[in-house]
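Notes follow the structure.
Just so it is clear, none of the values below were taken in a lab; they were calculated from the coordinates. The model shown is predicted, which means the values in this text are computed figures rather than measured ones. Positions of Cβ are backbone-derived with ideal geometry, glycine not excepted, and every protein chain shown enters the neighbour counts.
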Amino acid sequence: MKKKLIEGIVVLLVFGFSLIGCDNTSNNGNENNENEYDKYYKKSFRDNENGSIVITNPTKHDMLIFNNFNLNENNIIGGIRSEDTVNISFNDESDFESGGYKIIYAVKQSEYEKDKVMSDIDFTAMIPYQKGVTFNVTLYSILEGDYQFTVSNRNINYPMELRKYSPEGDRIAFLTSGESHHKVRTTSSEPFSAFPVWIVYNNITKSIISFTPDDSMQVITPVLPANDNSVYFFPAGGDGDFEMETIIKY
């Protein structure tokens, strides 16, 4: 009787392990432990492995890349894992040979899984593309840290990049033309000098050109969100209604 009981236990254990071995699906029901977003990270997606846009993600989050402010899945053009570098392709654009540009948006995959089209955008940038030309960009997140500040772009004609310490410094925010009350998170409350860089795509040179007025720098002091009651306007005075074509010589 004891021998039969032991044999029965062995059979149950073997059966149980065989069931575990047969279950190679993820929580989303896909095989090989893949979830519904893994396809966006593959080099073969949209022929991204042959793309001319090189994106680096130094953050701790896997990011999905969109080519439209409308964050639906049809606008996902790729994905980039944490601390990885990938290529993104715009080779199928009608103006790829002559050159053009896109504004891209990066969202944490974890955020997108929860909030879909209502997700907060971590990163935005204007990206030029052209056959035979490589463009490099590094992601950052405006949603990380315990402190924050709020900025507004007074110019209604051009997007604005906010850069740290100099006009050539690290990008810390991107604002569309006329965008106001753009909140940026930071890990430190230390004051820093912020330089606005207004940008536009030049259809003649097929490149992004920029303009930074000499007196445009402001010192920003990040605060706790509850104390963020003021807005840093760029430019600080006036309505920012300048035309870059009259300032920059093509």
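Quick notes
- Coarse-grained scattering of segment 147-246 at q = 0.18, 0.21 Å⁻¹, given as base-10 log I(q)/I(0) from a Debye sum over alpha-carbon atoms: -0.80, -1.06
- Note, ³J(HN,Hα) from phi for segment 95-101, Karplus 6.51, -1.76, 1.60, rounded to Hz, x at Gly and Pro: 9, 4, 5, 7, x, x, 8
- Rounded to whole Hz, the Karplus (6.51, -1.76, 1.60) HN-Hα couplings of segment 180-190, x for glycine and proline: 10, 6, 8, 8, 10, 8, 8, 8, 10, 9, 5
- Nonlocal amide H pairs with T186, under 5 Å, H built at 1.01 Å: D146, Y147, Q148
- Normalised by residue number, the volume inside the convex hull of the Cα atoms of segment 38-138 is 85 Å³ per residue.
- Full extension of the chain between S230 and T85 yields a length gain of 48.5 nm, computed as 0.36 nm times the residue separation minus the alpha carbon distance.
- For N202, distant residues with modelled amide H under 5 Å away: S207, I208, I209
- Integer Hz, Karplus 6.51/-1.76/1.60 couplings in order for segment 204-209, x for Gly and Pro: 7, 8, 6, 8, 8, 10
- A simple spin-label model places the labels of K114 and N157 4.1 nm from each other, with each point 7 Å out along Cα-to-Cβ.
- Positive-end residue of T212, I172, P235, charge dipole of segment 147-246 with Cβ unit charges: I172
- With neighbour counts taken as other beta-carbon atoms within 10 Å, the residues L139, L224 rank, fewest first, as L224, L139.
- Amide proton proximity set for F90, modelled H, under 5 Å, gap of 5+: S52, I53
- For segment 128-185, GluC sites (Glu not before Pro) are listed when DSSP marks them as loop and at most 12 other Cβ atoms sit within 10 Å of their Cβ; the list is E168.
- Members of K60/K164; K102/K206; K114/K183; K42/K108; K116/K164 lying beyond 19 Å, as alpha-carbon distances in this model show: K60/K164; K114/K183; K116/K164
- Basic side chains Lys and Arg get +1 at the Cβ, acidic Asp and Glu get -1 at the Cβ, and with that the dipole of segment 38-138 about its Cα centre reaches some 100 debye.
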